[in-house]
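Notes follow once the structure below has been shown.
The values are calculated or read from the model by the stated rules, or taken from the named source; none is laboratory data. Not measured: the values here are computed from a predicted model. We place every Cβ from the backbone using ideal geometry, glycine too, and count neighbours over all the protein chains shown.
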Amino acid sequence: MKKIFSAIAVLTAFAMVAVSCNDDDTKDEDIPVTEVKVTPATGSVVAGTTLTLKAEILPENATNKTVEWVSRTPETATVDKSTGVVTGVAEGEAVIMAICGGKNGKATLTVTAAPIRVEKIELSKTELPLFVGKTEKLTYTINPENATDQTAVWDSSNKTVATIADDGTVTALAEGTTDITLTIDEKTATAK
């Protein structure tokens, strides 16, 4: 009977050692993602240009931080699935999702139409002889006519000879020569 109890005691001790070894060998448990925050959460991008979105994975020590980006409106904006770089496609509202660990965050972006740039400006005159004290109005046309920015900025290179008003009216003040320049959307045209 003593041998049986001894054998049971030895087996019990062996089993306890085996169980304690298994407890020490367990791996850290996966830390799940609880939230995905996208920045900026709202914004805008011009069609044909890009905007980079960022994803913040919470908690910071989450095991899996691999983010997959998806556009729910690819006709309006596309997104690189690994980098979060959004490209505006067409005017409208775009919803971009960041997916990680079964959670997702989103950004809502407004895509605006690409601006139509001024290609050419033509002044009504390229030379404008005036007597001192006289005025004359310069007019202009732009191409294309539907350019987005049509803000006209006039300037005189020598304001002691002639000045130019916002409406294009040149006033001769003294003898001499000056360049009258019109700038619209970074394009220029000049009259002497």
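Cβ-Cβ contacts under 7 Å between residues 6 or more apart (or on different chains), taken from a first residue in region 108-136 that is among the basic types (Lys, Arg) to a second residue that is loosely packed, with under 13 Cβ neighbours inside 10 Å, are listed as LYS120/ASN143.
Can you go through GLY105, GLY133 and tell me which one is of a type outside the set (S, T, N, Q) and assigned to a strand (DSSP E or B)?
Details: GLY133 fails: assigned to a strand (DSSP E or B).
Answer to the check: GLY105.
Which one is farthest from LYS134 (Cα to Cα), of the residues in region 144-182 that are of a type in the set (Asp, Glu) and in contact (Cβ under 8 Å) with a residue 24 or more places away in the chain?
Taking region 144-182 as the starting set, the residues that turn out to be of a type in the set (Asp, Glu) are 145, 149, 155, 166-167, 175, 179.
Then drop every residue that is not in contact (Cβ under 8 Å) with a residue 24 or more places away in the chain, which leaves 149, 155, 167, 175.
Details: ASP149: 31, ASP155: 18, ASP167: 16, GLU175: 12 Å.
Among those that are of a type in the set (Asp, Glu) and in contact (Cβ under 8 Å) with a residue 24 or more places away in the chain, it is ASP149.
Just one of the listed residues (LEU130, LEU53, LEU138) is hydrophobic (A, V, I, L, M, F, W, C), out of contact with any Leu (no Cβ under 8 Å at 6 or more places or on another chain) and assigned by TED's automatic domain parsing to the domain that holds LEU182, and it is LEU130. Can you say whether THR148 is in contact with a strand residue (DSSP E or B) (Cβ under 7 Å, 6 or more places away or on another chain), at pLDDT below 95, in a loop (DSSP other than H, G, I, E, B) and on the phi < 0 side of the Ramachandran plot, as far as the supplied structure shows? So THR148 fails the test. Just to be sure I understand, how many residues within region 143-192 are exposed (fewer than 11 other Cβ atoms within 10 Å of the Cβ) and in contact with a Phe, Trp or Tyr (Cβ under 7 Å, 6 or more places away or on another chain)? The number of residues fulfilling the criteria is 1. Within the option set ALA98, ALA147, being more than 30 Å from ALA172 (Cα to Cα), in the same structural domain as ALA41 (by TED's automatic domain parsing) and either touching a His at 6+ places or on another chain (Cβ under 9 Å) or of a type in the set (A, V, I, L, M, F, W, C) (or both) holds for one residue only, ALA98.
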